[in-house]
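Structure first, commentary second.
The values are calculated or read from the model by the stated rules, or taken from the named source; none is laboratory data. Worth saying up front: this structure is predicted, and the values here are computed from it rather than measured. Here the Cβ positions follow ideal geometry from the backbone for every residue, glycine too, while neighbour counts run over all protein chains shown. Please note that ligands, DNA and RNA were not included when accessible areas were found on the heavy atoms of the full protein model with its side chains. Shrake-Rupley method; radii C 1.70, N 1.55, O 1.52, S 1.80 Å.
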Amino acid sequence: MTGIVEISQVWKTYRMGAEDVHALRGVSVSVPEGQYIAIMGASGSGKSTLLNLLGCLDRPTSGTYHLGGEDVSRLGDDQLSFIRSSKIGFIFQSYNLIQQLTVVENIEVPLYYQGWSERDSLERATALAEVVGLSNRVNHRPTELSGGQQQRVAIARALANDPLIMLADEPTGNLDSHTGSDILRLLDQLQAQGKTIITVTHDERVANHAERIIRLADGEIAEERAGRQP
Amino acid sequence: MISFQLKRTFLAGVKSLWLHKLRSVLTVLGMVCGVCAVIIMLAVGEGAKFEAQEQLKQLGSTNIIVKAVKPPEDKTSTTGITNVAQFGLTYDDLERMVETLPNVQVAVPTRKIPKTVGNGARTLDTSVMGTVPWLPTVMNRKVAVGRFLSSTDMRYLRNVCVLEQPVANTLFPFKDAMGQAVRIDGNYYRVVGIMEPVAPPKMPKAGADKSDGPTGIYLPLTTVRARFGETLVTMSSGSFQREQVEIHEIVVSVPAMEQVEKTAAAVQQIMERFHNKKDFVMVVPLELIRAAEKAKRRDQILLGCIAAISLLVGGIGIMNIMLASVTERTREIGIRRALGAKKRHIISQFLTEAALLSGFGGAIGVVVGIIVAWLIGYFMTTTTIVVFWSPALSFSISVTIGLAFGIYPAYRAAEMDPIEALRHE
Ligand SMILES: Nc1ncnc2c1ncn2[C@@H]1O[C@H](COP(=O)(O)OP(=O)(O)O)[C@@H](O)[C@H]1O
Ligand SMILES: [Mg+2]
């Protein structure tokens, strides 16, 4: 095992009444550290299910998942929460900022659940706001920001706990193409700094920022190809 | 670190309540009423306890009072001019009580005769009371200046008297009454002492009669017997009435409160054996106060029920609003969970909010309750006392209820599937 993410023979089965729905059917992926990988596929092909598993929001029905060498496929709820707070950075399509918190407070949320001290977390959040180019917006609320700015806050928040992997679900889905490419450029920069990024997308242009593209169909890996060459 | 988390949770709670100010205020109305009722209940309870203690102090918790009354059948037979109504307590009764009842240590007999007393041109209609030297001890009274009647006064039938404060004030408004003479029926009695007034039983309040303390003049019982005889002549509706009463009142004192009941029964027995007319009544302060306490306790139970119902309603209101808040903030819960919040973090977030909400209601309730308790004490006959721990207790009750009723919504929030929660809306 060499990858930072190692999933092998992962099945995810949902019980719908009398029927079993297999969202994932024996998926195996290995992601080396620092790789930028895109997951594509038609609607219902299992992309979200896979991303939720990778993000430790869910557990596979069978198969194993090693994250940074640690088997996380059978952990309890509190342990999974801990993994999420310490090893995973989420970026969502609809930003998912907490409305009543300011920019800097939103960035601080993961640190708060990790038990950082007030001063350290404020310092780190302020620094991250600067990294994503929002140092003059730290005390604004999400509603006072444009979509692109909100997504930048979300990226800063995903970076806060210095995660092993960053998971992005259609990160540009709600943005116009110009703002979207800004966000993609930011992700490119992060990868250049050594971040491992896994993104789910419909959009070929988004996928083409990744070095490696996996296409899911019916819960199985149907195709795997190289994207942009590093 | 812990304090930072607490502070954050607290601030987040305040923020989210502030976001829905009106809703928060409406939600806590039940809690306000409940806490208010608790404060009033405690205040009335404390007031009643205080009043009972004051009353006991005045009447004596270990005393049994036997009073002479005119028997009902005599009312018709004494209409004739020459009829003498003979009733009431006798010296024999007094002797029997002291001799035969083992618990009775002392008894204070009093003859009470309405007289017009005077100092020069100043006169006053009051009671002349022939009594014994140990009255102050038994009745828990103090002499303010001078002394009370002595056994020497008794033995030599001295013309001395002790005044209650109001009498002294009326007869001698401009000078010290001590050593002065009071005129009763043409005889003069030297003032040897003035009683200390009884502390007013309640805190001064508007409209209360401030002059309802004891009044009258004390003379040696022996002197009264010698000077005024045993027969009392009163004029009423055009005809003279003659009453022959040896003693108007006997106060029997026992050493301990536990003996009051038994001794009272024994006194009753003795009295009934030698009085075939019902010419006496017994007053047992302890029983009176117990009865009064019982009545107050009924009020308190009622208030307690109101408090309990209001608190329950308040708790349900908080639970209701917290459930709404949890549903409204499903997405936020999903976000927090995705970012690493454990179930207990979510629970403490919503419990903090519930506690804040109920604490807010509780604080308003405490303020309103104290004001209402004061108003009750001011405008009604009930004494109310807000003891220092009652606001603290009521406030804690409100917070506890908020926590108790917040548990279910908080648990619902924590048990949400993070994935579902993130998909919400
Ligand atoms: N919670 C669930 N319960 C039942 N079926 C589910 C659930 N989540 C996903 N599925 C099913 O699993 C399959 C894959 O879904 P999903 O991972 O959301 O696909 P995608 O994100 O590629 O559109 C679909 O057929 C979907 O209906
Ligand atoms: Mg999907």
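Using a simple charge model, +1 on the beta-carbon of Lys and Arg, -1 on the beta-carbon of Asp and Glu, nothing else, what dipole does the range B:289-400 show about its Cα centre, in debye to the nearest 20?
The dipole of the range B:289-400 has a size of about 400 debye.
In peptide A:113-126, what is the residue-averaged number of other protein chain Cβ atoms found within 10 Å of each Cβ?
Per residue, the average neighbour count from other chains is 2.
Using a 1.4 Å probe on the heavy atoms of the protein chains only, list every residue of the range A:25-69 that has 50 Å² or more less accessible area in the complete assembly than in its chain alone.
Buried by the other chains: A:LEU57.
With +1 on the Cβ of every Lys and Arg and -1 on the Cβ of every Asp and Glu, and nothing else charged, how large is the dipole of the range A:180-230 about its Cα centre, in debye rounded to the nearest 20?
240
Using 5 Å bins from zero, what percent of all Cα-Cα pairs in the range B:1-55 falls into each bin?
Over the range B:1-55, the share of Cα pairs per 5 Å bin runs 4, 16, 11, 12, 11, 12, 10, 8, 7, 6, 2, 0 percent.
For chain B, what's the relative contact order in percent, using C-alpha pairs closer than 8 Å and at least 6 residues apart?
Once divided by the residue count of chain B, the mean separation gives 31 percent.
Buried accessible area for the A:B pair, summed, 1.4 Å probe, in Å² rounded to 100?
Chain pair A/B: roughly 2700 Å² of buried accessible area.
Under a cut-off of 28 Å between alpha-carbon atoms, report the lysines in cross-link reach of B:LYS7, not counting same-chain residues fewer than 8 places apart.
A:LYS87, B:LYS15, B:LYS21, B:LYS342, B:LYS343
Can you tell me the order of B:63-70, B:289-296 when each peptide is scored by its average per-residue count of other Cβ atoms within 10 angstrom, highest first?
B:63-70, B:289-296
What distance in nm separates the two pseudo spin-label positions at B:LYS175 and B:MET282, each 7 Å out from Cα along the beta-carbon direction?
Each label point is offset 7 Å from its Cα along the Cβ direction, giving 4.9 nm.
Going by alpha carbons, how many degrees (0 to 90, nearest 10) lie between the helix axis of B:343-379 and the longest principal axis of chain B?
For helix B:343-379, the angle is close to 30 degrees.
Compute the acute angle (0 to 90°) between the alpha-carbon long axis of helix B:285-328 and the principal axis of greatest extent of the alpha-carbon atoms of chain B; round to the nearest 10°.
Relative to chain B, helix B:285-328 is tipped by roughly 10 degrees.
Relative to 2.2 N^0.38 Å, what does the C-alpha radius of gyration of the protein assembly as shown come to as a ratio? Two decimals please.
Normalised Rg, Cα atoms only: 1.73.
When the accessible area of chain B is split by element with a 1.4 Å probe, what percent falls to carbon and sulfur?
C and S atoms contribute 61 percent here.
At a Förster radius of 30 Å, what calculated FRET efficiency corresponds to the Cβ-Cβ distance of B:ALA404 and A:SER94, to the nearest 0.05?
According to the calculation, E is roughly 0.25.
Average partner chain C-beta neighbours within 10 Å, per residue of B:7-13?
2
Modelled label-to-label distance, B:ALA324 and B:LEU19, 7 Å Cα→beta-carbon offset: nm?
1.4
At R0 = 30 Å, how high is the FRET efficiency between B:ILE270 and B:LEU157 if r is their beta carbon distance? Nearest 0.05 is fine.
0.55
Given contacts defined as C-alpha pairs under 8 Å and at least six residues apart, what's the relative contact order of chain A, whole-number percent?
28
Between B:TYR378 and A:SER146, with labels modelled 7 Å along Cα→Cβ, what's the label distance in nm to one decimal, could you check?
6.2
Which residue, B:ALA48, B:ALA308, B:ALA107, tops the fluctuation ranking in a GNM of chain B built on C-alpha contacts under 10 Å?
Maximum fluctuation in the GNM of chain B, among the listed residues, is at B:ALA308.
Toward the positive end of the charge dipole of the range A:1-146, about the Cα centre and with charges on Cβ (Lys, Arg +1; Asp, Glu -1), which of A:GLY41, A:LEU53, A:ILE88 goes farthest?
A:GLY41
Quick one: go through the range B:398-417 and flag any residue whose amide nitrogen is under 18 Å from the point 7 Å out along the Cα-to-Cβ line of A:ARG15.
The answer is B:417.
Report Rg/Rh for chain B, rounded to two decimals, where Rg is the Cα radius of gyration and Rh the Kirkwood radius.
Taking Rh as the inverse mean 1/r over Cα pairs, Rg/Rh reads 1.25.
Over chain A, one equal point on each Cα, no solvent: what is log10 I(q)/I(0) by the Debye formula at q = 0.08 Å⁻¹?
Log10 of I(q)/I(0), two decimals: -0.29.
What percent antiparallel are the DSSP beta bridges of the protein assembly as shown, to the nearest 5?
Percent antiparallel among DSSP bridges in the protein assembly as shown is about 70.
Taking only protein heavy atoms into account and a 1.4 Å probe, give the accessible area per residue of the protein assembly as shown in Å².
Each residue of the protein assembly as shown exposes 47 Å² on average to a 1.4 Å probe.
Rounded to a whole number, what % of the accessible area of chain A do carbon and sulfur atoms account for, probe 1.4 Å?
47
Calculate the mean, over all residues of peptide A:96-103, of how many other protein chain Cβ atoms lie within 10 angstrom of the residue's Cβ.
The mean count of partner-chain Cβ atoms within 10 Å per residue comes to 4.
A 19 angstrom limit on the alpha carbon distance is what I want to check against. Which of B:LYS49/B:LYS294; B:LYS57/B:LYS115; B:LYS57/B:LYS142; B:LYS112/B:LYS175 exceed it?
B:LYS57/B:LYS115; B:LYS112/B:LYS175
Ignoring the sites themselves, what is the longest stretch of chain A with no trypsin sites (Lys or Arg not before Pro) in a DSSP loop and at most 14 other beta-carbon atoms within 10 Å?
Formally, the longest exposed-site-free interval is A:75-227.
FRET efficiency for A:SER181 and B:HIS424, Cβ-Cβ distance as r, R0 = 22 Å, nearest 0.05?
Rounded to the nearest 0.05, the efficiency is 0.15.
Sorting B:PHE87, B:PHE388 by accessible area (1.4 Å probe), largest first, what list results?
The residues order as B:PHE388, B:PHE87, largest area first.
Going 7 Å from the Cα of B:GLU293 toward and past its Cβ, which residues in the range B:362-394 have a backbone nitrogen under 20 Å from where you end up?
B:382-387
Springs between alpha-carbon atoms under 10 Å, Gaussian network over chain B: tell me which of B:VAL104, B:VAL366, B:VAL14 tops the mean-square fluctuations.
Maximum among the listed residues: B:VAL14.
If you put +1 on each Lys and Arg Cβ and -1 on each Asp and Glu Cβ, how big is the dipole of chain A around its Cα centre, in Debye rounded to 20?
140
Can you tell me the 0 to 90 degree angle between the C-alpha axis of helix B:2-19 and the longest principal axis of chain B, rounded to 10?
90
If you average 1/r over all unlike Cα pairs in the range A:173-230 and invert the result, what Kirkwood radius do you get in angstrom?
12.4
Rounded, prolate or oblate: which fits the range A:79-178 when a ≥ b ≥ c are the square roots of the eigenvalues of the alpha-carbon gyration tensor, with rounded for a/c under 1.5 and prolate only if a/b beats b/c?
Since a/c reaches 1.5 but b/c is at least a/b, the shape of the range A:79-178 is classed as oblate.
Highest GNM mean-square fluctuation, chain A, Cα pairs closer than 10 Å: which of A:LEU128, A:LEU145, A:LEU51?
A:LEU145
How much length is gained if the chain between A:ALA42 and A:ASP71 is pulled fully straight, taking 0.36 nm per residue apart and subtracting their Cα-Cα distance, in nm to one decimal?
Fully extending the segment from A:ALA42 to A:ASP71 adds 7.5 nm.
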